[in-house]
Amino acid sequence: MVVVLSATSLFAGGALSYASIRAPEHTERYELWSGRLLLAGLVLIGACLPLAR
């Protein structure tokens, strides 16, 4: 379940990062949320590493 949530967060962050170059009027907002989503996805992966033993 956490893997799916992490992958979704990483994918959404990447999609928003790509969308930020397509919509110049929303670039700042898209980059802010894409960074937050990418970090959240990485945190979820890191939090589950001790459980993967």
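The values are calculated or read from the model by the stated rules, or taken from the named source; none is laboratory data. A quick note: this is a predicted structure, and the numbers were derived from the prediction, not measured. Heads up, the Cβs are rebuilt from the backbone with ideal geometry, glycines too, and the neighbour counts pull from every protein chain shown. These accessible areas exclude ligands, DNA and RNA; they are computed on the full protein's heavy atoms, side chains included. Shrake-Rupley method; radii C 1.70, N 1.55, O 1.52, S 1.80 Å.
Identify, by number, the condition in (1) open to solvent by less than 40 Å² (accessible area, probe 1.4 Å); (2) at pLDDT 95 or above that ALA23 doesn't meet.
In the conditions (1) open to solvent by less than 40 Å² (accessible area, probe 1.4 Å); (2) at pLDDT 95 or above, ALA23 misses (2) alone.
From LEU5, LEU10, LEU37, LEU51, which residue is of a type in the set (A, V, I, L, M) and free of Cβ contacts under 8 Å to residues at least 12 places away in the same chain?
LEU51
Anything in the range 26-46 that is over 12 Å from the mean Cα position of the chain (by Cα) and open to solvent by 100 Å² or more (accessible area, probe 1.4 Å)? List them, or say none.
Residues satisfying the conditions are GLU28, ARG29.
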